[in-house]
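Written out below as C-alpha cells is the structure these notes cover.
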Amino acid sequence: MELSRDYLDEIYAFAVELGKQAGKMLLDGAKLRMGGGGPEEKGHVQKENAVDLVTQTDEDVEAFIKGEVMKKYPSHKFVGEESYSKGSSRDYLIDDSPTWCIDPLDGTVNYIHLFPMFCVSIAFIHNSKPLIGVIHAPFLNQLFSSCYGRGAWLNEHQPLPLVQNPVPPLPVNAPSGCVFSCEWGKDRRDQPDGNLHRKVESFVNMAAEIGGRQGRGGMVHGVRSLGSATLDLAYVAMGAFDIWWEGGCWEWDVAAGIAILQEAGGLITNANPPEDHVTAPIEEVRLGSRLYLAIRPAGPSSTETGRESQERTVREVWRRVRKLDYSRPGA
C-alpha cells in the first residue's frame with residue numbers, strides 16, 4: 001500500500017502537534033520536581049540495572065500518545081518503549097505496516113537529574129522505513145521534525161542542517177576536525193573485551209593524537225555524550241555533531257532521528273566495521289539492527305561530492321572502532 005502525499009502531510013501535522021503536547025507533559029513533570037506545585041511525581045524505578053530507569057512520566061506520556069494515535073488511526077500499529085519493555089517478547093516488531101514507534105522520554109537519567117537533554121520521540125514508519133520524525137526537547141525549546149520528501153526542520157521554520165550557505169563539506173582529514181558523539185550505554189559489565197571495554201578503546205582511538213594508538217588516533221575536535229541517542233541523532237542532522245557511533249539502541253531510540261537525519265541529507269549505516277573497511281559497500285542500516293553510525297549532512301568540496309566525503313568519513317571511523325555485540329535478547 002502506498003501512502004498519498006496528502007495523507008502523509010496529515011500524519012505529519014498530527015505528529016508535530018502530538019510532539020508538542022507530549023513535550024509539555026515532560027516539562028510539566030519536570031516543573032513538579034522543581035517544586036512547581038501540584039502532586040509530587042512518583043519516584044523512578046529500575047528496569048535492568050542502575051542506569052536503566054523508568055518514571056511515572058514515561059508511562060503517562062506513552063499512554064497519552066498511544067491513546068491519541070489509536071483514536072485517530074485505529075488501523076495503525078503502535079510500538080512504545082514502556083509497553084515493549086514490560087512484555088516478554090523481544091521480537092522485531094517493525095514490518096511493512098503503517099506503524100508508530102514512540103519513546104515517551106528518551107534521556108530518563110537526564111530527566112531525573114534535571115539535565116536538559118531529554119525529549120519525546122515520535123516516528124511514523126511505513127514499509128519498514130521511517131517517513132516522519134518528531135523530537136521535542138521541551139527544556140531546550142527545541143522541536144525537530146521531518147516529513148519524507150518535505151525536508152527537516154528545527155522549530156518548524158529553520159531548515160536542517162543549520163549551516164546552509166553553503167552546507168560545509170566534511171573535513172579533509174576526518175575524523176580529525178570533527179565533533180564525535182558517543183554514549184556509554186547501559187551495558188556496564190566490567191568484562192575483558194566486553195562492550196564497555198570495546199567502547200572505551202574506540203573512544204580513545206577517536207580522541208588520541210594523530211599517529212597515536214598504532215596509527216588509529218583520530219584527533220577529533222571533541223567528544224560529546226548527551227545521554228540521549230535520540231538527541232544525538234537530532235544534533236547530527238542539525239550539523240552540530242559530525243559523527244555519531246553507538247550500539248545497543250532500540251527502534252524507538254533511533255526511528256525519529258533517522259527520519260530527520262536522512263531528510264536533512266545525512267547518512268546512517270552500521271556501527272560495526274566490516275572485515276574490509278576500505279572496499280565494503282556502505283549500506284543504509286536496517287532499523288532494528290541496534291548498531292548505528294551516523295554522519296552529518298555534507299556539501300561538496302572542490303575534490304568530492306558530499307556523499308563521497310560522508311563515505312570517506314565512515315571508512316575512517318570503521319578503521320578506529322571495535323565491533324560491538326548487541327544482539328536482540330532471545331534472538
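The values are calculated or read from the model by the stated rules, or taken from the named source; none is laboratory data. None of these values were measured; they are calculated from a predicted model. No Cβ is skipped: glycine too gets one built from the backbone with ideal geometry, and neighbour counts run over all protein chains shown.
Tabulated data
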item	result
Conditions (1) of a type in the set (S, T, N, Q); (2) under 20 Å from S202 (Cα atoms); (3) within 18 Å of the chain's Cα centre (by Cα): number failed by T313	(3)
Check on W250, in contact with a Lys or Arg (Cβ under 9 Å, 6 or more places away or on another chain), within 24 Å of S145 (Cα to Cα) and at pLDDT 95 or above	no
Answer residue from region 263-310, given it is assigned to a loop (DSSP other than H, G, I, E, B) and of a type in the set (A, V, I, L, M, F, W, C) and is nearest to the chain's Cα centre (by Cα) among those	L287
Test result for L170, over 20 Å from the mean Cα position of the chain (by Cα) and buried (at least 24 other Cβ atoms within 10 Å of the Cβ)	yes
Residues that are under 20 Å from S4 (Cβ atoms) and either part of a loop (DSSP other than H, G, I, E, B) or outside the structural domain of V79 (by TED's automatic domain parsing) (or both), drawn from region 127-160	N127, S128, Y148, G149, R150
From the options R320, R315, residue that is assigned to a helix (DSSP H, G or I), over 26 Å from G107 (Cβ atoms) and not acidic (D, E)	R315
Those residues of region 201-231 which are charged (D, E, K, R) and not in a helix (DSSP H, G or I), in sequence order	E209, R216, R224
First in region 152-166 and at positive phi, second anywhere and surrounded by 14 or more Cβ atoms within 10 Å (Cβ to Cβ), Cβ under 8 Å, 6 or more apart	N155/Q142; N155/L143; E156/V16; E156/L143; E156/S145
Sole residue being modelled with pLDDT of 95 or more and not hydroxyl-bearing (S, T, Y), chosen from E2, E41, E17	E17
Selection from region 173-182 of residues that are buried (at least 20 other Cβ atoms within 10 Å of the Cβ), assigned to a loop (DSSP other than H, G, I, E, B) and of a type outside the set (A, V, I, L, M, F, W, C)	P175
Residue among E284, E263 that alone is farther than 21 Å from G185 by Cβ, out of contact with any Leu (no Cβ under 7 Å at 6 or more places or on another chain), at pLDDT below 95 and outside the structural domain of G149 (by TED's automatic domain parsing)	E284
Those residues of region 214-233 which are touching a helix residue (DSSP H, G or I) at 6+ places or on another chain (Cβ under 6 Å) and either on the phi < 0 side of the Ramachandran plot or free of Cβ contacts under 8 Å to residues at least 12 places away in the same chain (or both), in sequence order	R216, G218, V220, V223, L226, A229, T230, L233
